[in-house]
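Asks: For reference, the structure I am asking about is given below.
The values are calculated or read from the model by the stated rules, or taken from the named source; none is laboratory data. Nothing here was measured: the structure is a model prediction, and the numbers come from that model. All Cβ positions, even for glycine, are placed from backbone atoms using ideal geometry, and neighbour counts span all protein chains on display.
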Amino acid sequence: MGGSRMTLRVLVLESRMPDVLANLLRRAGWEPVCVPAVAEVDADLAEVRGPLQALCDRKVDWVVLLTGVGTERLQRFADRLGLLEPFLEALRILPIVVRGPKPTAVLHRWGIRPTLQAPPPHTAAEVCAVLDTVELQGHRVFVQHYGERNEALCTYLLRRGAHPVDAVPYRWAIPQEGASLREAVRGLVEGSYDALLVTSRPQVTHLFQVAEAMGLPEQLREALDHRVTVAAVGPVARRALEERGVRISVVPEHPKIGPLVHALQEHLQQRTG
């Protein structure tokens, strides 16, 4: 870490809740620098029309909802297509598997309870484990993906003899103000930050895509591996970093931002104490 600064500077790539994370870091006595690395872009209506129609017509046997944001976007797409009531009615009738508490909260707002919920840390592996308990052979399974098609989940469903009906209501993109992310890469390489907080896989993907466009991927990897304390919120973010050869110093026991900041605080206190 850069030892010349009295206040530690922490780079945050979070785009959904940067203020919440920044406030937690300030209370810990650090200086947060928030540079969103991910923009969520709605899919074209034509991309989701077919899967949504199949769901609304109840031509699927199971529904898998992976994110709260994606579930809400499906509802907005259904509204645009004039399918809002059939959409909600299908969700009331069909068995639903949710990945975690966020899609559950969205369903509860509509008066709907999921049939099954994957346990922590709420990854595709836990979704598959929950689906192990149900009969899928020959069944059509509507899957709300996020950012990109979850190949591990689709492979699992095909192996079980199911027929995935894939809907990707939004995709990940590098924010239009990409200059800020370029500055962040340069800052990491030049030692302007003491720590990096990563809360999702696409943050890592976009950070390295920008570094590659700048001709600095190896310099970024070197900085993250040796000079910057890297904290990952959970196993998915951790794997994304490890796949690029980055050593992670901090992973909280519970994959949430509060425990992430607390784990980083404990780690840095041990290093300086």
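Asks: In segment 226-264, what residues are part of a loop (DSSP other than H, G, I, E, B) and of a type outside the set (D, E, K, R)?
Replies: So the first thing to find is which residues in segment 226-264 are part of a loop (DSSP other than H, G, I, E, B), and the list is 227-228, 233-234, 243-249, 251-256.
Selection gives V228, V233, G234, G245, V246, I248, S249, V251, P252, H254, P255.
Asks: Quick one: D194 ticks every box in (1) crowded, with 19+ Cβ neighbours inside 10 Å; (2) within 27 Å of E40 (Cβ to Cβ) except a single one, so which number is it?
Replies: (2)
Asks: Could you look through segment 88-104, keep only residues that are of a type in the set (K, R) and under 23 Å from the mean Cα position of the chain (by Cα), and pick out the one that is nearest to D132 (Cα to Cα)? Reasoning before the result, please.
Replies: Filtering segment 88-104 down to residues of a type in the set (K, R) leaves 92, 99, 102.
Among the residues that remain, those that are also under 23 Å from the mean Cα position of the chain (by Cα) are: 99, 102.
Working: R99: 14, K102: 22 Å.
Taking the candidates together, the pick is R99.
Asks: Across segment 60-91, which residue is surrounded by the fewest Cβ atoms within 10 Å (Cβ to Cβ) among those that are in a loop (DSSP other than H, G, I, E, B) and in contact with a Phe, Trp or Tyr (Cβ under 9 Å, 6 or more places away or on another chain)?
Replies: Our first condition is that a residue be in a loop (DSSP other than H, G, I, E, B); within segment 60-91, this holds for 60-61, 66-67, 81-83.
After this cut, where a residue has to be in contact with a Phe, Trp or Tyr (Cβ under 9 Å, 6 or more places away or on another chain) as well, the list is 60-61, 66-67, 81, 83.
Numbers: V60: 22, D61: 18, L66: 25, T67: 22, L81: 16, L83: 20.
Step by step, filter segment 60-91, then rank; the result is L81.
Asks: Something else about it: State yes or no: is L81 more than 24 Å from the chain's Cα centre (by Cα) and aliphatic (A, V, I, L, M)? Quick ask: steps written out before the conclusion?
Replies: Numbers: more than 24 Å from the chain's Cα centre (by Cα): yes; aliphatic (A, V, I, L, M): yes.
Answer is yes for this residue.
Asks: Hey, D57 hits all of (1) over 19 Å from Y170 (Cβ atoms); (2) out of contact with any Pro (no Cβ under 9 Å at 6 or more places or on another chain); (3) surrounded by fewer than 13 Cβ atoms within 10 Å (Cβ to Cβ) but one; which does it fall short on?
Replies: The failed condition is (2).
Asks: A further question follows. Can you confirm whether R227 is farther than 18 Å from P18 by Cβ and modelled with pLDDT under 95? It would help to see each step written out before you state the result.
Replies: On the way: farther than 18 Å from P18 by Cβ: yes; modelled with pLDDT under 95: yes.
For R227, the condition - farther than 18 Å from P18 by Cβ and modelled with pLDDT under 95 - is met.
Asks: Turning to a different aspect of this structure: Which one of these does A46 not meet: (1) more than 28 Å from E126 (Cβ to Cβ); (2) in contact with a helix residue (DSSP H, G or I) (Cβ under 6 Å, 6 or more places away or on another chain); (3) in the same structural domain as D132 (by TED's automatic domain parsing)?
Replies: For A46, the failing item is (2).
Asks: If you don't mind, there's one more thing I want to ask. Show the residue pairs that are 6+ apart or on different chains and have beta-carbon atoms under 7 Å apart, the first residue being within segment 172-199 and within 25 Å of P255 (Cα to Cα), the second being assigned to a strand (DSSP E or B) and hydroxyl-bearing (S, T, Y).
Replies: From segment 172-199, the pairs are D194/T229; A195/T229.
Asks: Filter segment 202-220 down to residues that are touching a residue at least 40 places away in the same chain (Cβ under 8 Å) and of a type outside the set (V, I, T), then give me how many there are.
Replies: Residues in segment 202-220 being touching a residue at least 40 places away in the same chain (Cβ under 8 Å) and of a type outside the set (V, I, T): 4 in total.
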